[in-house]
Amino acid sequence: MATTFADHLRSLTDADLGELLRLRPDLVMPVPADLSALAVRAQSRVSVARALDGLDHFTLQILDAARLTRDPDDGTTSVDAVLAMAARPEARAALTRLRALFLITGPDDALHVVPAVDEVSSPYPAGLGRPAADLDPRTAALCADPARLRRTLLAAPPQARAVLDRLADGPPVGTLTGTANAPVSWLVDNALLVRISDEAVEMPREVGLLLRRDAGPLGAVRPQPPAVTGTARDPKTADSAGAGQAMEAVRLAEALLDALDAEPAAMLRSGGVGVRDLRRLAKATGVDEPVAALLLEVANAAGLAGEAERSAGEPLFLPTIGYDAWRGQTLAPRWERLATAWLAMTRQASLVGQRDERDRPINALSMEVERAGAPAARQAVLEVLGDLPPGTAPTPEEVLALLAWRAPRRAKGRENAHLAVLADAATLGVTGLGAITSYGRLLAAPDGEGGASDEDPLGVRAGGDSEFSEVARQLDGLLPAPVDHVLIQADLTVVVPGPPEPTLADELELVAEHESAGGASVYRVTEATIRRALDAGYTADDLHALFRRRSRTPVPQGLTYLVDDIARKHGGLRVGGAGAYIRSDDEALLVQLLADRRLASLGLRRLAPTVLATPYQVGRLLTALREAGYPPVHEDASGAAVVARPKTRRAAVRAVAALKTEPPALTAPRLAGIVEHIRRGDAAARAARRAPVTVRAANGHGVEGLTAVQAHTQALAVLQQAVRDKALVWVGYVDAHGATASRLVRPVSIGAGYLRAEDERTEMLHTFALHRITAAVLDS
């Protein structure tokens, strides 16, 4: 089969071979050396399973029809047999798709199902059991008499018939239980079921087909996806709602990162952020813990937050350098960076808070949240939403039904993950009122159709709006224009009538507390915020000028009094830091230290008669004192002496780069290049197999009793004759690595110790050193 399959691939045109690679991109990871290698890979279990995973419910049913109609002797079926069993006009298109994927091969009257299909599929095609002849002679005899089989079936008690009906829907195998033993025993005794083990029974295929006589051999055939009767909304309304939620998602992400900036979260030894830190961040952000976990995971995936080690060596989770640049951008590109990271991250944030297999809680940012199939699940859900008419808001059940029809092998057992995608999309503003937004469609579109580019992977470029990606531009048109002013009320609340521009947002974060969000955000000026601004370097005059410049309403007198009153008291107490201190009951000794020029570089300063301070750390202070001849003793914060011990040195852990497993984007030029590469490799492999035995066997070992020297002399004579006659010749030679090879060439010239010849296949000129040529035979 492998050789026949390879020959079939060779008979394809370049366009057909490129179409196969486009439909099954895993076949070019890596690019196969020749068509024989491609044939083996295309029939492998892994590749066939990937191809089956992308098939819809109806196409899989047609594949089952091909499996069921195979001849027991030669294993072939026909187009007519498959179409007759399906009995639907759409079956021909599904069969054509299966043949394009090379899951079914051969002519119309002798179709072959690729053997790996049976290996990676259910052993019960269409939910039907094995033929009676393969199960039990007594059952085979009953099924061989159709009239007797019908009579036996009609005689089945109601409870036994209910068991048969359940098994007829598939799968045809059932497990014995205490309550169902009596009906099952009757069915086994009457040969309608066959016991295949002590605890399991199987329904023969003939019995299942008889029970399905009304529905058809394949059961309920569904050539079309289930209908969606969800709510129809105005697309503009859905876009507006989504844009509002997108604006809120950016604000929440910023609030969470600001909370991390104020107090970084400690990373657990087992990995991830602890429950207490997650609760603290959720409270500071004003959201529940699942939303906080989602924002934390997305910020990490977007490169806005990450791990860093503090001086004690314990890792902390805090904002990255990229966060500052992100904050300075407008809303649309900021949201796109979050949404793009969410779409591509291999993390399922909905698992945070659940229990793992060892009944331990799953923490945010831990390895237990890693799911390699998460990006594919998000893409599948967004594709389902994107294929619906604009403004259509399906119910979650309808989305799950569509996913189960589109790719049943992928969707099975992933219902919770798909529901989590819907919830995440609503939280981030990808959907609005349950319908996918216009910019959400662009976000989920294939590469090159409105999303990020290779040069700008996050879809965020520096510069003006004209340089936005299509996603950011679409969202930016739905968002209110940034404002540079506020409205200060008499109760010291500050109303921002729109999204604040970055500079205004930074100022508001410093001088006011955020109270509520929406189309117009509300902040409040308090004593604490005024004190925070003064601590940041503002003076009372600076604050008065800021409020006058930014407010479109008169500045309340109460705010002016509040600023002046707090500024007057500010700085009454002084707090500073020091790297290390020196204390001694001997004041004269401290005076001597201050006067010692050898210690001038320490910058010693007297805080009290018996205390000196330096901005440098303890280690440098101890070293300088000891080098100057003083005998200091190191003490900790409690005053106890510290006993110094040598530290054990360890090498840094090497980071292991993650492997990319996604198939590359196969553009038309890339496909053409891959096909040409495979064709050339196949031609070379076939040419090497066609080389005369004398050339392959020579290569320094002599030919037909000749010594290596005699064979080389004979080869030169053949080559000189080929140059005169311009004939094709097989040349055996040893390359620079010592490997033996043969090539079919047309010699052009011989001279200066080299043979120059044209490769017949590639039409390229090659040069061979004469001393490396071992044999030469004219092509017959």
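Of the residues making up region 629-641, one or more are more than 55 Å from the chain's Cα centre (by Cα) and surrounded by 11 or more Cβ atoms within 10 Å (Cβ to Cβ).
Looking at Ala241, Ala220, which is the one that is out of contact with any Asp or Glu (no Cβ under 8 Å at 6 or more places or on another chain) and either open to solvent by less than 20 Å² (accessible area, probe 1.4 Å) or within 25 Å of Ala344 (Cβ to Cβ) (or both)? I'd like the intermediate steps shown before the answer.
On the way: Ala220 fails: either open to solvent by less than 20 Å² (accessible area, probe 1.4 Å) or within 25 Å of Ala344 (Cβ to Cβ) (or both).
Only one candidate qualifies: Ala241.
Only one entry of Val40, Val113 meets the criterion of being over 27 Å from the mean Cα position of the chain (by Cα), of a type in the set (A, V, I, L, M, F, W, C) and open to solvent by less than 30 Å² (accessible area, probe 1.4 Å), and that entry is Val113. In the condition set (1) open to solvent by 30 Å² or more (accessible area, probe 1.4 Å); (2) modelled with pLDDT of 90 or more; (3) of a type in the set (Val, Ile, Thr), Val575 is compliant with all but (2).
Listed here are the residues, each with its yes/no results for (1) open to solvent by 50 Å² or more (accessible area, probe 1.4 Å); (2) within 18 Å of Tyr754 (Cα to Cα); (3) modelled with pLDDT of 70 or more.
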position: Ala688; (1), (2), (3): no, no, no
position: Pro692; (1), (2), (3): no, no, no
position: Arg696; (1), (2), (3): yes, no, no
position: Asn699; (1), (2), (3): no, yes, no
position: Arg724; (1), (2), (3): yes, yes, yes
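Would you mind finding the one in Thr529, Thr560 that is open to solvent by 40 Å² or more (accessible area, probe 1.4 Å) and β-branched (Val, Ile, Thr)?
Numbers: Thr529 fails: open to solvent by 40 Å² or more (accessible area, probe 1.4 Å).
That would be Thr560, the only listed residue that is open to solvent by 40 Å² or more (accessible area, probe 1.4 Å) and β-branched (Val, Ile, Thr).
The single residue among Ala339, Ala364, Ala380 that is in contact (Cβ under 8 Å) with a residue 12 or more places away in the chain, in contact with a strand residue (DSSP E or B) (Cβ under 6 Å, 6 or more places away or on another chain) and surrounded by 20 or more Cβ atoms within 10 Å (Cβ to Cβ) turns out to be Ala364. When Phe102 is tested against (1) outside any loop (DSSP other than H, G, I, E, B); (2) touching a Leu at 6+ places or on another chain (Cβ under 9 Å); (3) closer than 17 Å to Leu52 by Cα, exactly one condition is not met: (1). Taken over region 749-775, residues that are assigned to a strand (DSSP E or B) and within 54 Å of the chain's Cα centre (by Cα) amount to 14. The condition of being part of a loop (DSSP other than H, G, I, E, B) and out of contact with any Cys (no Cβ under 7 Å at 6 or more places or on another chain) does not hold for Val250. Which of the residues that make up region 301-349 are farther than 27 Å from Ala380 by Cα, of a type in the set (Val, Ile, Thr) and either more than 24 Å from the chain's Cα centre (by Cα) or assigned to a helix (DSSP H, G or I) (or both)? Within region 301-349, Ile321, Thr330 qualify. Close Cβ contacts (under 6 Å, 6 or more residues apart or on different chains) running from residues in region 134-151 that are within 16 Å of Val201 (Cβ to Cβ) to residues that are surrounded by 12 or more Cβ atoms within 10 Å (Cβ to Cβ) and acidic (Asp, Glu) comprise Cys143/Glu206. Taken over region 467-499, residues that are within 37 Å of the chain's Cα centre (by Cα) and open to solvent by less than 40 Å² (accessible area, probe 1.4 Å) amount to 8.
Based on this model, can you work out whether Ala100 counts as of a type in the set (A, V, I, L, M, F, W, C), open to solvent by less than 20 Å² (accessible area, probe 1.4 Å), modelled with pLDDT of 90 or more and at negative phi? Before you say what the answer is, go through the steps one by one.
Working: of a type in the set (A, V, I, L, M, F, W, C): yes; open to solvent by less than 20 Å² (accessible area, probe 1.4 Å): no; modelled with pLDDT of 90 or more: yes; at negative phi: yes.
Taking the combined requirement at face value, the residue does not satisfy it.
The numbered conditions (1) surrounded by 21 or more Cβ atoms within 10 Å (Cβ to Cβ); (2) more than 23 Å from Gln224 (Cα to Cα); (3) more than 31 Å from the chain's Cα centre (by Cα) are all true for Thr76 except (1). Out of the residues in region 577-591 that are over 60 Å from the mean Cα position of the chain (by Cα) and of a type in the set (A, V, I, L, M, F, W, C), state the one that is nearest to Pro615 (Cα to Cα). Filtering region 577-591 for residues that are over 60 Å from the mean Cα position of the chain (by Cα) and of a type in the set (A, V, I, L, M, F, W, C), the one nearest to Pro615 (Cα to Cα) comes out as Leu590. When region 662-678 is filtered for residues that are modelled with pLDDT under 75 and either closer than 15 Å to Asp16 by Cα or open to solvent by less than 100 Å² (accessible area, probe 1.4 Å) (or both), the ones remaining, listed by number, are Pro663, Pro664, Ala665.
Put simply, of Arg531, Arg524 the only residue that is in contact with an Asp or Glu (Cβ under 7 Å, 6 or more places away or on another chain) and among the charged types (D, E, K, R) is Arg524. For region 729-747, name all the residues that are assigned to a strand (DSSP E or B) and either over 21 Å from Ala683 (Cβ atoms) or open to solvent by 90 Å² or more (accessible area, probe 1.4 Å) (or both). The answer is Val734, and nothing else.
Only one of the numbered conditions (1) open to solvent by 40 Å² or more (accessible area, probe 1.4 Å); (2) in contact with a Pro (Cβ under 8 Å, 6 or more places away or on another chain); (3) over 27 Å from Glu307 (Cα atoms) is not met by Asp261, and that is (3).
Only residues in region 605-617 that are charged (D, E, K, R) count as the first member; pair them with residues that are open to solvent by less than 80 Å² (accessible area, probe 1.4 Å), Cβ under 6 angstrom, at least 6 apart or cross-chain, and list the lot. Correct list of pairs: Arg605/Ala613; Arg606/Leu612. Just one of (1) in contact with a Ser or Thr (Cβ under 7 Å, 6 or more places away or on another chain); (2) under 20 Å from Val618 (Cα atoms); (3) not basic (Lys, Arg) trips up Glu587, so point out which. Here Glu587 clears every test but (2).
Checking the structure you have, find out if any residue of region 293-300 is farther than 25 Å from Met247 by Cα and open to solvent by less than 40 Å² (accessible area, probe 1.4 Å). Walk me through how you get there before you give the answer.
At the first step, the residues of region 293-300 found to be farther than 25 Å from Met247 by Cα are none.
No, there is no match, as no residue in region 293-300 is farther than 25 Å from Met247 by Cα and open to solvent by less than 40 Å² (accessible area, probe 1.4 Å).
The values are calculated or read from the model by the stated rules, or taken from the named source; none is laboratory data. A quick note: this is a predicted structure, and the numbers were derived from the prediction, not measured. FYI the Cβ positions are ideal-geometry reconstructions off the backbone, even for glycines, and counts take in every protein chain you see. Surface areas here come from the heavy atoms of the whole protein model, side chains and all, with no ligands, DNA or RNA. Shrake-Rupley method; radii C 1.70, N 1.55, O 1.52, S 1.80 Å.
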